[in-house]
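The values are calculated or read from the model by the stated rules, or taken from the named source; none is laboratory data. Predicted model only: the values in this text are computed from it and were never measured. When we count neighbours, we look across all protein chains shown, and the Cβ atoms used for this are built from the backbone with ideal geometry, even at glycine.
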Amino acid sequence: MAGRTPEEIRASIEHNRKELGSSLEKLRAEAIQIADWRAQLRAHQRQAVIGAALAGFVLGGGFAALGALTGGGRRRR
């Protein structure tokens, strides 16, 4: 590094600047792709439906259990 001319240093800085710009553009494109929840849902539609059904089952059972605990269920005679 000690023997570089000012022109070599400028060329190196310009090269690094271009690489950084390219890397930022790639990162921006990847971030947009990841944040596109509609595309993610289309790509993983089966898993999303299974997850929604499971969540509904769990929540429905939880509400039914709460109702039974608070006296909304069948009363014993």
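Residues that are in contact with a helix residue (DSSP H, G or I) (Cβ under 9 Å, 6 or more places away or on another chain) and assigned to a helix (DSSP H, G or I) within region 25-76 comprise 33, 34, 39, 40, 41, 48, listed in sequence order.
Residue count for region 6-56 under the criterion of being modelled with pLDDT under 95 and of a type in the set (S, T, N, Q): the result is 2.
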